[in-house]
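No lab work stands behind these numbers, since they all come straight from the coordinates. Bear in mind the structure is a predicted one, so any value in this text is a computation, not a measurement. Reconstructed Cβ throughout: ideal geometry from the backbone, glycine too, with neighbour counts over all protein chains shown.
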Amino acid sequence: MTADAPLAMPIPGSRGIRCAALAAMLTLAACASGTSPMQLYPLQGPIADKDPTLVIQATAQNTTGTSGDLTFRLPERGKCTGTWSSLTPRTVSNTKGLALTWRKTGGEVGKETETVAGVNNGEIYAVCADGTRVQGTFVIGSGTASGTGQASDTNGNVYKLLF
């Protein structure tokens, strides 16, 4: 390559490669957003009586955090929006002092926050377009986006919650 040669030369068919690369980046960005599927299985009530095989798909946002938005649709009730929240305990440690090592000379001050491993409690609450309210509790593993619980609505339905 000479000094006058361009740094990037077009490659025949490179548009297809760029499109594939862009699609891959968008897919990875969607995974990094912290969105997780959640399922509500009707156990009792009018929905379970009508169709016991129905699975209600929900979407939980910000599942890399401790709370976020929740959306789903109940049959004949319309769109439901709400919040999920998990009580994730954390430990905080503070450091101060004098370091007498070759690599760290001088004082050292810092703060470190860490998630405690274990099972944590959480809740969901949502309101549907027709005014139906859905409320439930779940347990979730620390540092995971999976758990199990139970929810009910103001129309007498009870759901198993899995995610």
Notebook entry, point to check: What FRET efficiency would be calculated for the residue pair residue 148, residue 127, taking the C-beta separation as r and a Förster radius of 22 Å, to the nearest 0.05?
Noted result: 0.45
Note to self: As a footprinting exposure proxy, order 134, 158 by other Cβ within 10 Å, with the fewest listed first.
What the structure shows: 158, 134
